[in-house]
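Here the structure is laid out as structure tokens; the discussion comes afterwards.
The values are calculated or read from the model by the stated rules, or taken from the named source; none is laboratory data. Since we're looking at a predicted model, the values are computed, not measured. Backbone-built Cβ (ideal geometry, glycine too); neighbour counts: all protein chains shown.
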Amino acid sequence: MNRVRLVAPALALTAFAAACSSGSSGGDNAAVNPPASSTPPAATSTAPADVTAAKAEISKNWATFLRSGTPQATAVALLEKGDTLGVALKKAAAEDKATGGKRSAKVVSIEFTSPTMANVNYTLHAAGRVLNSSGTAVLENGVWKVSDVTFCTLVILGNGSRPVKGCA
């Protein structure tokens, strides 16, 4: 029964993330060529200044956050608005323990949507299964973190789609 509770939420999260992701290419053919300039364009890119470092930090932080046995203080530091989600973090730890406590994750790909946000595809190893999933990373106070929406979606789905305190 515990495997069913874990698998269904992970599958639902995948569907949820796919439905919520935006993928506009902005291919308007009426674009006007900008005037020539000797200065580089302003920092309006859709990625942080150091993409390689950001990807490395996101990968490390997601693996740490989603790994069984990560201390709550560490999880709080790697979760957007983590200091407000203590009850939900405890619920997630209890669910992990109930399903065998051998959860791990590995980031597969990262696509930046702004200098402070990225879509993250990852594999989640839990309850003897490997599940492909996705979520959002956010840069908060200089640290790349798992978004509160990604985490709350996982926790609520793991709770039989019932509300979890702290997660709207």
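Restricting attention to the stretch 77-87, the residues that are among the hydrophobic types (A, V, I, L, M, F, W, C) and closer than 15 Å to ILE58 by Cα add up to 3.
Any idea how many residues of the stretch 87-109 are hydrophobic (A, V, I, L, M, F, W, C) and over 19 Å from HIS125 (Cα atoms)?
Within the stretch 87-109, the subset hydrophobic (A, V, I, L, M, F, W, C) is 87-89, 92-94, 98, 105, 107-108.
So of that shortlist, the ones also over 19 Å from HIS125 (Cα atoms) come out as 87-88.
Summing the residues that are hydrophobic (A, V, I, L, M, F, W, C) and over 19 Å from HIS125 (Cα atoms) in the stretch 87-109 gives 2.
Residues of the stretch 42-86 that are of a type in the set (Val, Ile, Thr) and more than 22 Å from LEU124 (Cβ to Cβ): THR44, THR46, VAL51, THR52, THR84. Looking only at residues that are free of Cβ contacts under 8 Å to residues at least 12 places away in the same chain and hydrophobic (A, V, I, L, M, F, W, C) in the stretch 51-89, which one is surrounded by the fewest Cβ atoms within 10 Å (Cβ to Cβ)? Applying the filter and picking the extreme gives ALA73.
Under the condition of being among the small types (Gly, Ala, Ser) and surrounded by fewer than 19 Cβ atoms within 10 Å (Cβ to Cβ), the residues counted in the stretch 126-156 number 2.
Determine whether ALA92 is more than 28 Å from THR46 (Cα to Cα), of a type in the set (Gly, Ala, Ser) and surrounded by 21 or more Cβ atoms within 10 Å (Cβ to Cβ). So ALA92 fits the description; yes. Only one entry of ALA54, ALA63, ALA47 meets the criterion of being of a type in the set (A, V, I, L, M), modelled with pLDDT of 50 or more, assigned to a loop (DSSP other than H, G, I, E, B) and under 18 Å from SER109 (Cα atoms), and that entry is ALA47.
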